[in-house]
1. Spot the failing condition for Ala281; the list is (1) in contact with a helix residue (DSSP H, G or I) (Cβ under 7 Å, 6 or more places away or on another chain); (2) closer than 20 Å to Ala358 by Cα, and only one is missed.
2. Please work out which residue is farthest from Lys147 (Cα to Cα), limiting yourself to the range 226-258 and to residues that are surrounded by fewer than 19 Cβ atoms within 10 Å (Cβ to Cβ) and hydrophobic (A, V, I, L, M, F, W, C).
3. Looking at the range 1-45, which of its residues are closer than 25 Å to Lys196 by Cα, part of a strand (DSSP E or B) and not aliphatic (A, V, I, L, M)?
4. Against the definition (at pLDDT 95 or above, part of a helix (DSSP H, G or I), of a type in the set (Lys, Arg) and not assigned by TED's automatic domain parsing to the domain that holds Arg197), how does Arg310 come out, yes or no?
5. Restricting the first residue to the range 265-285 and requiring it to be under 17 Å from Met302 (Cβ atoms), which pairs with a second residue that is of a type in the set (Ser, Thr, Tyr) and not in a helix (DSSP H, G or I) meet a Cβ separation below 7 Å and a spacing of at least six or different chains?
6. Are any of the residues in the range 111-122 touching a residue at least 12 places away in the same chain (Cβ under 8 Å), in a loop (DSSP other than H, G, I, E, B), over 25 Å from the mean Cα position of the chain (by Cα) and surrounded by 18 or more Cβ atoms within 10 Å (Cβ to Cβ)?
7. Could you say which residue among Arg336, Arg274, Arg299, Arg278 is within 25 Å of Thr142 (Cβ to Cβ), basic (Lys, Arg) and outside any loop (DSSP other than H, G, I, E, B)?
8. Output the residue which, of all residues in the range 286-327 that are free of Cβ contacts under 8 Å to residues at least 24 places away in the same chain and among the polar types (S, T, N, Q), is nearest to Val347 (Cα to Cα).
Amino acid sequence: MRLPIGFRAGATRAGIKPSGKPDLTLVASGRPCAWAFVGTLNQAAAPCVLRGRRLREAGGSLQAIVVNAGNANCATGEAGFQADRRMAELAAARLGIAPEAVLTASTGVIGVPLPLEKIEAALPDLRLDLELTPFAEAIMTTDLTMKTAEAELPGGIRVVGVAKGSGMIHPNMATMFGFVFTDAAVSQEELRRGWKRVVDHSFNQVTVDGDTSTNDMAVILANGAAGEPDLEAFWQAVEAVCVSLARQIARDGEGATKLITVRVTGAHSEDEARDAARTVAASPLWKSAVYGNDPNWGRIMMALGRSGARFDPSRVHIKLQGMPLYAGAALPFDRRQASESMKAEEVLVEADLGAGNAQAMAWGCDLTEGYVKINALYTT
């Protein structure tokens, strides 16, 4: 996948990942970018997230993002903050721009000092071109697949997104890395107005395991190289790209075999619809039932009931894979047929709360032995 006009990217093997795979990557724009940033709400946030917040508050433009994968550079004390600043300085020197125009991002094991000497050795020779693939590969950790998406607007304006995420994923911001690049001319004020809503409708509706990372961020950069878009069409394209990335993250959840999509309608408010959908998608009991092809709809009702969304159970309707299971009371259904329908790669839950007109969607994955094995041996 090619980047939008004016962007270039590249990656290299710095030796941070024990696997020896690419682990240091850089994306840059030839011109300053308007940008918007949302970072994790985890109180143990890493230096890269805290630095991103400071840059956002300063209000300047960005021109680059430098990412290392394999080391979170989190809970590493003052040395971690110094290493994060140095990584920005090295990337800035490579590009001939100010360090304040470079956003940093780190992902990997928490509590291990960042091997800065490896970054210092590798960054100066990192080569950039028009392809996104090297960047998408290098930011992966336990991911099994690259996650990219794109959309094109009239006039040739493009929106290109890339994400990483497989475990330690739960709504509390963006729950992974999500980077969106566009050659649209959009003001920084407009980007920051609309970006949080897009994140809330996409990345903040993804859950894998209920744990929110210390290093998560979602960022959009717009360099204006292709001209001004129709703003309504622009935000529709951005949201479509981010929803695609969110679905890809959920499908690639650690140990997962299935994507779970939850659609809630008839909620009292959008916030309550989002809460209800996320709670069902995050329920370990329901996730386990999906893995076992068990149409145990009582677990869906339980999750809805503890989500905080207001409703009267006598007005609720629940469907699984399009099959009605509950309509104010339990419905007769063919359990074997329902179980067979759950063997698909995507399992759809639809719940109408009968309490209003608001709706939302969330995405998760089934819970398998694979998740336990991956995380039981993560650092050993």
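1. (1)
2. Taking the candidates together, the pick is Leu231.
3. Passing the criteria: Phe7, Ser29, Arg31, Pro32, Cys33, Trp35, Phe37, Gly39.
4. Criteria not met by Arg310.
5. Filtered contacts from the range 265-285: Asp275/Ser307; Ala276/Ser307; Arg278/Thr207; Thr279/Ser307; Ala281/Thr207; Ala282/Thr207.
6. No: the range 111-122 contains no residue that is touching a residue at least 12 places away in the same chain (Cβ under 8 Å), in a loop (DSSP other than H, G, I, E, B), over 25 Å from the mean Cα position of the chain (by Cα) and surrounded by 18 or more Cβ atoms within 10 Å (Cβ to Cβ).
7. After ruling out the rest, the residue left standing is Arg278.
8. Per the criteria, the residue is Asn296.
The values are calculated or read from the model by the stated rules, or taken from the named source; none is laboratory data. Predicted, not measured: the structure shown is a model, and the values here were computed from it. Positions of Cβ are backbone-derived with ideal geometry, glycine not excepted, and every protein chain shown enters the neighbour counts.
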